[in-house]
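First the structure, in the form of structure tokens, and then the observations on it.
All of the numbers you see were taken from the coordinates with simple rules; none came from a lab. Treat the numbers as computed from the prediction; the structure is a model and nothing was measured. Cβ atoms come from the backbone with ideal geometry, glycine included; neighbour counts cover every protein chain shown.
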Amino acid sequence: MWKKCDTGITACFLTFLVISCTDHGLEPVYEGISGKITFIGTWPDSTEWVRLAVFKEMPATVFDIPLKPPVFSDTLPRFVTSTNYRLTLSAGHYDWVVLAWKPKKKIATSDFSGLDTLGMYADAGNPKSPRGIDVPPKRLLTGIDIVADFSVLQPPSPILP
Amino acid sequence: MERMLKKQFTFLGGAFAISSLCWCGQIAHAQPVSSSRGVIAGTVQDQKTRELLPGTNIMVEGTTLGAASDIDGRFLIRGVPAGTYRLQASLLGYVSAIAAGVKVVANETTRVDLKLTVSAIEMPEVVVTATKKAQSFMESPVSLSVVSARQIQDQNQVQLDDVLEFTPGVNMMGGQINIRGSSGFSRGAGSRVLLLVDGVPMLPGDSGDIKWDALPPSEIDHVEIVKGASSALYGSYAMGGVVNVITKDPGDRPQTNIRATGGIYDKPYYKDWDWTDRTLTYNNQDISHSRAFGNLKIRASLGRRESTGYSENGHYHRFSGYTKAKYIFSPTSYLTAYANYAHDRHGEALTWLDTNHPFQVSPDATGYVTTSSKLQAGGTFRSLLNSRTTLKLRGSYYRNTIENDLADPRVNPFCQQSGTHIEVLANKGELETQLDLELADGHATTLGAVGIFDFIDATLYGNHNSWDGAAYLQHEWKPNSIISSVGSVRFDYHWVDTGLIEYHLNPKFGLVYTPTSSLSLRASSGRGFRAATMAEMFTCTQAGGFTVIPNPNLSSEIAWSHEVGAQFIAAHFLVNSALFWNEYQDLIEGDFVTKRSRQVIQFQNFNRARIRGAEVEINGALWKRHLNFGVGYTYLDARELERRDSQTGESRKVNDPLAYRARHLLTGNVTLSLGRFSLGADSRYASRIEAVRVYPNDPRVSQKVTNLRFGADFKPLTLMLNIYNVFQYNYTQVERTMEPIRSFALTTALEL
């Protein structure tokens with residue numbers, strides 16, 4: 001009986017250690033957005049990078065973009081079928097969350113020139129209708145999923161619907 | 001004025017020390033027992049096999065007399081004054097035993113044959129805290145845990161509180177010790193656990209909290225932790241329990257110990273939390289020397305600790321000097337005295353910057369530094385006055401200073417204080433006389449009287465003083481070898497210069513039934529109290545955006561503790577279990593109240609609470625004691641039952657979780673020893689705190705910490721590698737203060 005007890009205590013202790021090593025307790029609390037990007041179609045070989053660009057206000061013309069530039073994410077993984085992302089943003093309303101695609105050999109004179117629109121956070125059933133977001137204070141707004149369809153890649157730059 | 005008072009206290013301290021020594025000397029040399037002495041002779045044998053046991057230490061309790069059994073298991077103690085004694089026998093691998101009622105007659109030899117029970121596990125030795133006198137661990141009427149010298153050495157922590165966290169039923173909350181949920185958290189203003197060093201109280205006069213950095217860890221031999229109200233013997237503060245730190249005794253042989261540790265903090269687990277490119281490190285150095293000069297034995301040590309900290313403003317630089325001396329006047333009387341000085345300069349990180357920068361502080365708070373010093377001195381004189389009476393005189397003095405610039409520069413409208421500078425000087429002195437009387441066979445009485453003074457001079461509190469007087473009586477009755485009972489009562493008088501006067505009568509009863517040498521059942525019930533500290537009564541300040549105002553009418557909080565427990569030795573295990581029920585009244589807490597249309601913090605007798613639960617502790621050894629392990633679990637149901645309205649004074653019934661208490665506490669340790677090498681782990685788990693006071697909406701998680709250790713012993717050289725928080729678990733104990741991240745430490749120890 002006591003041998004079983006020895007084994008039981010040892011097993012409990014080891015279980016505790018195993019559980020402990022997979023949990024890291026408190027995590028950073030991000031203020032921003034996160035979601036999944038699903039890529040449809042074939043990645044063009046000319047792809048240099050893909051980034052998220054988030055606009056406070058929808059630019060009426062290309063000339064408005066330098067005046068109210070977007071927040072860009074880091075470059076996202078290329079030649080994948082999907083990727084999860086997380087982007088830090090200040091709390092507040094944003095009109096447009098768009099996925100920007102940049103081909104090789106195109107010189108981007110600024111963050112937003114020479115880019116094409118690959119997809120956007122859109123109303124359900126209408127992938128071309130931008131859907132605004134409200135980032136709450138000190139919280140991560142999740143579920144901002146985007147479908148990126150290479151068949152509807154929209155030149156010319158700069159990015160506009 | 002301040003200088004005058006300082007001089008007065010210096011003079012008083014000196015006068016106390018000189019008069020105490022003279023008095024002790026006079027008593028010691030006026031021994032009435034020296035002319036009639038006898039001899040104790042006998043054998044020590046294994047209870048089961050009857051095999052005679054060499055190398056057993058036998059001590060005559062209350063004296064310095066003792067002997068070790070020879071190769072044939074025989075011992076001889078000469079020059080024992082006529083009288084009745086208790087003998088303590090201890091041998092590695094056996095349960096320590098006490099033989100009571102040993103009668104010594106002048107010029108005759110008393111024969112005592114001791115029988116020891118083999119133990120397959122490491123057993124705590126004789127304990128001294130539960131009844132203020134030596135007793136077998138199995139005969140303690142209350143729950144008691146012992147942190148052994150081996151555990152302290154293996155864990156290799158910078159401060160003792162980091163070691164105690166791995167004790168069953170003990171949980172640290174922002175540096176404040178909770179025994180079975182007693183203390184909660186009050187930012188250092190008041191402890192519901194009394195700290196003793198070698199039986200002498202060691203809490204400062206202002207805040208009454210435990211200054212863990214003042215205890216030199218290299219000088220600690222072991223620690224006894226009594227759980228539950230113990231004011232019937234120890235008075236204020238002991239309402240939640242007692243921690244008695246037993247320091248190393250100076251030895252007969254010259255011995256030098258050198259110990260050095262170098263450590264490095266890992267990067268935070270999340271890259272986003274990385275706040276500096278600097279390498280964050282810590283290092284500790286200790287050197288101690290012990291030797292004897294005739295009847296005088298001395299031990300002295302110096303220690304230095306330095307760290308960059310793992311967070312911004314987390315740095316510290318500490319220095320300590322400690323000495324302990326033992327002077328043997330005669331075989332039946334000796335004086336143990338000590339002095340300790342600790343200086344500390346550390347950065348202050350009152351609260352983190354935000355949840356995404358938990359290791360940083362606000363740019364305004366960068367550079368906040370606190371300097372503090374602690375001077376502790378005291379001692380115990382012990383003398384066998386006659387064959388049935390032992391006298392113990394204890395005295396202690398504690399002076400601490402704190403200095404920083406943390407106050408807000410705005411004028412505090414509640415006490416017209418302004419300026420950022422905070423300065424505290426606190427003095428505390430205590431004198432105690434204790435008499436242990438063996439009135440008749442099976443009857444032992446302890447009685448004593450205590451006097452305490454506190455004086456503080458601080459920008460935070462103003463100038464205040466208080467006096468306490470107390471008398472206590474304990475009677476132990478052991479009608480036969482299987483039953484013992486103990487009853488004690490203490491009367492306390494508490495006076496504060498505001499005119500506040502309080503009286504307390506604290507009784508306690510305990511019963512122990514030991515049907516066999518490997519099983520004991522116990523029950524106890526007692527009352528405890530804690531007088532409000534100067535900090536709780538008089539703090540008036542603004543810091544960190546909060547305003548704290550005084551409450552001179554704050555009265556004591558009280559507790560009733562009830563417990564039933566059992567402990568037994570079975571095969572390779574020592575199992576200790578308890579059910580406990582503690583009722584608290586007039587608990588002192590700092591909380592938000594509205595004064596002059598402002599939200600301020602004030603300490604008040606806010607609430608009635610109940611903490612009940614169960615605890616089990618299992619220690620064991622396997623594989624011929626190559627594998628030692630311990631597991632402890634404590635379940636706490638801590639509820640606030642009534643809460644007093646700060647404005648109307650009316651109480652309303654509630655049933656809320658008591659703040660800063662974890663419902664489940666789990667600790668575990670395992671050590672594998674193979675020849676010169678050892679490998680071990682220490683783990684603890686505390687469930688998520690259900691309620692906090694200041695930032696209830698902040699994210700909170702449970703605590704899951706595991707430390708790993710490796711040791712190699714090449715006498716006289718020992719090497720150790722410790723990895724603390726090995727799984728990089730991120731957690732807070734109190735709001736907005738991140739606990740240490742993973743660190744690696746390499747230690748070299750040399751014994752010459």
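Taking N as the number of residues in the stretch B:339-488, what is its alpha-carbon radius of gyration divided by 2.2 N^0.38 Å? Working shown, then result.
Numbers: Rg = 24.1 Å, N = 150, 2.2 N^0.38 = 14.8 Å.
Relative to the 2.2 N^0.38 Å estimate, the stretch B:339-488 comes out at 1.63.
Rounded, prolate or oblate: which one fits the stretch B:619-752, using the alpha carbon gyration tensor with axes a ≥ b ≥ c (rounded when a/c is under 1.5, else prolate when a/b beats b/c, else oblate)? Write down the numbers at each step before the final one.
Values: a/c = 3.38, a/b = 2.35, b/c = 1.44.
It comes out prolate by the Cα gyration axes.
Would you mind checking the tilt of helix B:2-29 against the longest principal axis of the Cα atoms of chain B, expressed as 0 to 90 degrees and rounded to 10?
That helix lies at roughly 10 degrees to the long axis.
Hey, how many Å between the Cα centroid of the stretch B:716-733 and the Cα centroid of the stretch B:301-334?
A separation of 22 Å, based on Cα centres.
Between B:Phe491 and B:Thr276, 0.36 nm times their residue separation minus their Cα-Cα distance comes to what?
Numbers: separation 215, 0.36 × 215 = 77.40 nm, distance 5.56 nm.
Length gained between B:Phe491 and B:Thr276: 71.8 nm.
Sort the stretch B:211-278 into rounded, prolate or oblate with this rule: let a ≥ b ≥ c be the square roots of the eigenvalues of the Cα gyration tensor; rounded if a/c is under 1.5, and if a/c is not under 1.5, prolate when a/b is larger than b/c, oblate otherwise.
Values: a/c = 4.21, a/b = 1.39, b/c = 3.04.
Taking the square roots of the gyration eigenvalues as a ≥ b ≥ c, the stretch B:211-278 is oblate.
Give me, ordered by chain and number, the residues 5 or more places off B:Asp497 or on other chains with an amide H under 5 Å from its own placed amide H.
For B:Asp497, whose amide H was placed from the backbone, the distant partners under 5 Å are B:Asn465.
Exposure proxy check: B:Val60, A:Val80 ranked by fewest other beta carbons within 10 Å? Before the final figure, lay out the partial values.
Details: B:Val60 23, A:Val80 12.
If I rank by nearby Cβ atoms, fewest first, I get A:Val80, B:Val60.
State, to one decimal in nm, how far the label point of B:Glu403 lies from the label point of A:Trp49, with both points 7 Å from Cα in the Cβ direction.
5.4
Determine which lysines satisfy two conditions relative to B:Lys653: a Cα distance under 27 Å, and not lying fewer than 8 residues away in the same chain.
B:Lys595
Evaluate E = 1/(1 + (r/R0)^6) for A:Thr22 and A:Lys128, where r is the Cβ-Cβ distance and R0 equals 45 Å; express this FRET efficiency to the nearest 0.05.
Values: r = 43 Å, r/R0 = 0.95.
Result of the calculation: an efficiency of 0.60.
With an 8 Å Cα cut-off and a minimum separation of 6 or more residues, compute the relative contact order for the stretch B:289-448 in percent.
Numbers: 370 pairs, mean separation 24.4, N = 160.
Once normalised by length, the contact order is 15 percent.
Provide Rg and Dmax in Å for the stretch B:194-350, with only Cα atoms included in the calculation.
Calculated on Cα positions, Rg and Dmax stand at 19.3, 66 Å.
Residue separation times 0.36 nm, minus the C-alpha to C-alpha distance between B:Arg345 and B:Leu76: what's the value? It would help to have the intermediate numbers written out before the result.
On the way: separation 269, 0.36 × 269 = 96.84 nm, distance 5.29 nm.
Answer, rounded to one decimal: 91.5 nm.
What residue among B:His464, B:Leu435, B:Phe453 has its Cα farthest toward the positive end of the dipole of the stretch B:396-494, where the charges are +1 on Lys, Arg and -1 on Asp, Glu, each on the Cβ?
The Cα lying farthest towards the positive end belongs to B:His464.
Mind checking the dipole of the stretch B:209-328: about its Cα centre, +1 per Lys or Arg Cβ, -1 per Asp or Glu Cβ, Debye to the nearest 20?
With only Lys, Arg, Asp and Glu charged at Cβ, the dipole is about 580 debye.
Take every Cα pair under 8 Å in chain B that's 6+ residues apart, average their separations, divide by the length, and report that relative contact order as a whole percent.
On the way: 2144 pairs, mean separation 79.4, N = 752.
In percent, rounded to a whole number, it is 11.
Dipole magnitude of the stretch B:108-254 about its Cα centre, charges +1 at Lys/Arg Cβ and -1 at Asp/Glu Cβ only, in debye to the nearest 20?
Working: 12 positive and 18 negative charges, 89 e Å.
That gives the stretch B:108-254 a dipole magnitude of about 420 debye.
What's the magnitude of the charge dipole for the protein assembly as shown around its Cα centre, counting Lys and Arg as +1 and Asp and Glu as -1 at the beta-carbon? Answer in Debye, nearest 20.
The calculated dipole for the protein assembly as shown is roughly 1480 debye.
Please work out how much length the chain gains when fully extended from B:Leu437 to B:Ala149, using 0.36 nm per residue of separation minus the C-alpha to C-alpha distance, in nm with one decimal. The partial results should precede the final answer.
Numbers: separation 288, 0.36 × 288 = 103.68 nm, distance 3.11 nm.
Separation in residues times 0.36 nm, less the Cα-Cα distance, equals 100.6 nm.
Taking the Cα centre of the protein assembly as shown as the origin and placing charges on Cβ (Lys, Arg +1; Asp, Glu -1), which of B:Val575, B:Ser555, B:Gly174 is farthest toward the positive end of the dipole?
So the residue furthest toward the plus end is B:Val575.
Mind giving me the FRET efficiency for B:Gln647 and B:His626? R0 is 51 Å, r the Cβ-Cβ distance, nearest 0.05 is fine.
Numbers: r = 64 Å, r/R0 = 1.25.
Approximately 0.20, to the nearest 0.05.
I need the shape label for the stretch A:44-111. Rule: rounded when a/c is under 1.5, else prolate if a/b > b/c, else oblate, with a, b, c from the alpha carbon gyration tensor. Write out the running numbers ahead of the final one.
Numbers: a/c = 2.50, a/b = 1.29, b/c = 1.94.
It comes out oblate by the Cα gyration axes.
As an exercise, identify the trypsin sites (Lys or Arg not before Pro) in the stretch B:549-602 lying in DSSP coil whose Cβ has no more than 13 other Cβ atoms within 10 Å. Provide the component values of the computation, followed by the final result.
Values: sites: B:Lys595, B:Arg596, B:Arg598; in loops: B:Arg596.
Answer in residue order: B:Arg596.
Hey, what number do you get for chain B at 222 nm if only DSSP H runs of n ≥ 4 count, each worth -39500 (n - 2.57), divided across all residues, to the nearest 500? Before the final figure, lay out the partial values.
On the way: 5 runs with 49 residues, N = 752.
Here the helix-only value at 222 nm equals -2000 deg cm²/dmol.
Calculated FRET efficiency, A:Asp64 and B:Asp364, Cβ-Cβ r, R0 35 Å, to nearest 0.05? Before the final figure, lay out each step's value.
Working: r = 39 Å, r/R0 = 1.10.
That gives a FRET efficiency of 0.35.
Any idea how far apart B:Gln47 and B:Glu423 come out in nm if each label point goes 7 Å out from Cα toward Cβ?
6.2
Sort B:Asp70, A:Asp116 so that the residue with the fewest other Cβ atoms within 10 Å of its own Cβ comes first and the one with the most comes last. Display every interim value, and only then the final one.
On the way: B:Asp70 15, A:Asp116 18.
By the 10 Å Cβ count, ascending, the order reads B:Asp70, A:Asp116.
Which one, B:Ala614, B:Gln604, B:Phe546, projects farthest toward the positive side of the charge dipole computed for the stretch B:538-658 from Cβ point charges (K/R +1, D/E -1)?
About the Cα centre, the residue reaching furthest to the positive side is B:Phe546.
Could you tell me the distance between the Cα centroids of the stretch B:422-483 and the stretch B:579-629, to the nearest Å?
The two parts, judged by their Cα centres, are 24 Å apart.
What's the exposure ranking of B:Ser481, B:Ser488, B:Ser90, going from fewest to most Cβ atoms within 10 Å?
With the fewest neighbours first, B:Ser481, B:Ser488, B:Ser90 line up as B:Ser481, B:Ser90, B:Ser488.
Given the pairs B:Lys392/B:Lys508; B:Lys248/B:Lys478; B:Lys115/B:Lys227, which span a C-alpha to C-alpha distance of over 24 angstrom in this model? Please list the in-between numbers first.
Numbers: B:Lys392/B:Lys508 22 Å; B:Lys248/B:Lys478 32 Å; B:Lys115/B:Lys227 30 Å.
Flagged as over cut-off: B:Lys248/B:Lys478; B:Lys115/B:Lys227.
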